1. Could you check how many residues of the range B:193-225 are within 21 Å of the chain's Cα centre (by Cα), within 19 Å of residue B:57 (Cα to Cα) and open to solvent by 50 Å² or more (accessible area, probe 1.4 Å)?
2. Say whether the condition of being modelled with pLDDT of 95 or more, within 9 Å of chain A (Cβ to nearest Cβ) and open to solvent by 10 Å² or more (accessible area, probe 1.4 Å) is met by at least one residue in the range B:235-255.
3. So which residues in the range B:1-40 are more than 8 Å from chain A (Cβ to nearest Cβ), polar (S, T, N, Q) and under 15 Å from residue B:54 (Cα atoms), if there are any at all?
4. Here is a list of conditions, (1) open to solvent by less than 10 Å² (accessible area, probe 1.4 Å); (2) out of contact with any helix residue (DSSP H, G or I) (no Cβ under 8 Å at 6 or more places or on another chain); (3) more than 14 Å from chain A (Cβ to nearest Cβ), and residue B:186 meets all of them except one; can you say which number that is?
5. I'd like to verify a number: residues in the range B:1-37 that are more than 22 Å from residue B:105 (Cα to Cα), assigned to a strand (DSSP E or B) and open to solvent by less than 10 Å² (accessible area, probe 1.4 Å), how many?
6. Does residue A:228 satisfy the criteria of being touching a helix residue (DSSP H, G or I) at 6+ places or on another chain (Cβ under 9 Å) and open to solvent by 20 Å² or more (accessible area, probe 1.4 Å)?
7. Could you list, in sequence order, the residues of the range A:260-300 that are open to solvent by less than 10 Å² (accessible area, probe 1.4 Å), under 22 Å from residue A:132 (Cβ atoms) and hydroxyl-bearing (Ser, Thr, Tyr)?
2 protein chains.
Amino acid sequence: MKKLINSPEDVVTEALQGMELAHPDLLKVHYHPHFITRAVPVKNKVAVISGGGSGHEPMHGGFVGRGMLDAACPGAVFTSPTPDQMEAATKAVAGEKGALLIVKNYTGDVMNFDLAAELVRAENIPIESVLINDDVAVEDSTWTAGRRGVGATVLAEKICGAAAEAGQSLAEVSALCQRVNGQARSMGMALTSCTVPHIGKPTFDLPADEMEIGVGIHGEPGRRRAKILPADGIVELLVDPILSDLPFKSGDEVLLFVNGLGGTPLIELYIVYRRAAQLLQKAGLKITRNLVGSYITSLEMAGTAITLLKLDSELTRLWDAPVLTPALRKGV
Amino acid sequence: MKKLINSPEDVVTEALQGMELAHPDLLKVHYHPHFITRAVPVKNKVAVISGGGSGHEPMHGGFVGRGMLDAACPGAVFTSPTPDQMEAATKAVAGEKGALLIVKNYTGDVMNFDLAAELVRAENIPIESVLINDDVAVEDSTWTAGRRGVGATVLAEKICGAAAEAGQSLAEVSALCQRVNGQARSMGMALTSCTVPHIGKPTFDLPADEMEIGVGIHGEPGRRRAKILPADGIVELLVDPILSDLPFKSGDEVLLFVNGLGGTPLIELYIVYRRAAQLLQKAGLKITRNLVGSYITSLEMAGTAITLLKLDSELTRLWDAPVLTPALRKGV
């Protein structure tokens with residue numbers, strides 16, 4: 001296992017310590033239970049909170065800051081955070097306007113966020129949860145009933161963060177989050193597996209000439225194994241199911257998000273972006289916003305995922321709003 | 001070779017096309033010869049230009065934009081751009097105040113940038129070149145006489161870009177670039193090799209339990225092979241030679257840049273940052289600015305590089321100035 005880590009059991013805590021040392025102006029890291037808040041919490045607005053297993057950095061901790069998340073709860077690698085983490089994080093940042101929990105659809109996350117929401121509700125903090133389930137690859141999979149939540153999470157966190165910052169109510173931010181999820185579709189693929197530190201061997205075996213189409217962000221099986229294709233062919237295998245699922249249609253304005261899974265360098269992501277943009281243009285879609293980079297990773301997995309969000313004027317305006325986090329910043 | 005590419009000979013052009021499609025608000029890509037300029041060139045200032053082999057993205061094209069570069073020349077993968085590229089780029093962006101070429105110290109780059117400077121000077125455009133040679137790992141190496149130019153390049157491009165934007169003269173921006181280079185030191189290490197697309201096999205073989213300490217950004221040999229250590233031990237092997245080289249001394253204010261080489265995910269970079277910050281604090285240094293991410297890559301190589309820049313009030317102010325590029329943005 002070739003990784004820049006110390007012992008597997010210290011990976012999450014030490015990475016959090018690194019984040020705290022690197023971004024004291026933006027973040028505060030709390031330990032036992034572990035959660036990340038803004039350096040200076042803002043309580044006169046809806047708190048937007050997310051979390052999930054670690055190993056997907058910068059998601060979610062890298063999105064804590066002005067215009068995006070108020071708090072993030074990192075679990076162990078590829079493992080849901082516990083209800084007490086989420087409860088503590090929510091209490092630390094939620095004010096009278098309450099909190100929105102953005103939950104990726106994995107069975108453990110859903111269960112623990114539900115428990116946390118109950119604990120918080122019992123203390124009279126208004127709280128809503130929205131499930132993200134944008135992955136069109138498979139209906140059920142290893143750790144998920146229904147579709148998995150992937151790249152739309154990043155977009156929902158940005159857009160809902162902007163709405164909360166602008167003073168929208170919990171009901172409004174929650175409805176907005178559902179709208180983002182409803183208008184977003186994603187699919188990913190892997191060229192290589194990743195290795196979970198405490199397991200020490202690759203999550204799956206993939207022959208040198210094969211790829212996994214529709215892979216999950218923990219290495220869950222996708223639709224099928226296939227012989228590796230040139231990038232343009234791979235991109236078609238991701239874009240076609242996305243387009244037909246919503247369905248997106250000619251004239252739609254969209255945000256195109258090309259994501260790297262952790263081990264794929266930027267030069268390749270731009271080659272992916274090129275073909276994806278060409279295919280969307282051919283389908284009559286107008287790409288009015290985009291995001292290219294490794295924002296939701298699967299440790300060091302090589303591969304890419306494409307997310308498409310149908311925009312409207314409100315979503316576009318909220319996407320453009322200022323944001324100041326370790327991983328995403330503009331207008332500030 | 002597992003890569004998201006089409007044919008090896010199209011990698012650079014297609015990645016440029018992807019960049020152009022993704023960032024039309026920021027960049028314009030010119031072809032034959034290939035170079036990247038700002039979408040709207042600004043000619044009433046010193047033009048800051050860089051370039052080098054491709055495979056190090058986002059460097060340099062991702063740093064073109066307001067407050068940083070005016071133009072970038074991408075060569076083939078790990079191959080110097082040609083003098084005609086640099087000449088065309090310089091003519092496209094340089095006005096009366098002239099142009100600064102920021103050149104990483106690799107023999108091919110130095111030779112071709114020198115030729116380009118001569119061609120441009122013959123047309124009465126004032127031009128200066130500054131060589132970046134911050135890598136303390138080795139004195140001479142595969143493609144370099146003297147020390148290699150690595151992470152300080154990113155810092156010099158940001159700082160000189162800000163100075164040019166603020167109206168400094170060519171002599172001033174050039175002196176500033178030399179100062180940044182003189183006050184910066186770097187060293188890197190690799191856990192794995194990378195594979196150059198048109199070669200199709202790893203640049204070097206590294207056993208499963210070994211690492212290359214002092215590796216170059218094209219996979220050039222470093223100081224030595226060693227058994228892999230825990231991250232904290234690896235970071236010490238990088239930080240100690242950096243500290244003793246300048247030398248940095250207690251009380252110095254520094255910028256700490258932890259760079260990923262392309263295949264290393266962010267969670268590991270924060271573990272590296274943690275230890276580096278601890279070591280610098282122990283040495284009495286004050287880390288007042290930092291940068292964590294994959295900004296100068298070696299295709300999909302797994303590994304990290306650390307750059308330390310001694311700051312003063314002018315460098316700090318220029319580092320903090322607004323920048324708006326695909327890969328680095330703040331204050332805008």
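1. 1
2. Scanning the range B:235-255 turns up no residue that is modelled with pLDDT of 95 or more, within 9 Å of chain A (Cβ to nearest Cβ) and open to solvent by 10 Å² or more (accessible area, probe 1.4 Å).
3. B:13
4. (2)
5. Total satisfying the criteria: 3.
6. Criteria met by residue A:228.
7. A:297, A:298
The values are calculated or read from the model by the stated rules, or taken from the named source; none is laboratory data. These numbers come from a predicted model, not from an experiment. Cβ sites come from the backbone with ideal geometry, for glycine too, and all protein chains shown count toward neighbours. These area figures cover heavy atoms from the full protein model, side chains too; ligands, DNA and RNA do not enter into them. Shrake-Rupley method; radii C 1.70, N 1.55, O 1.52, S 1.80 Å.
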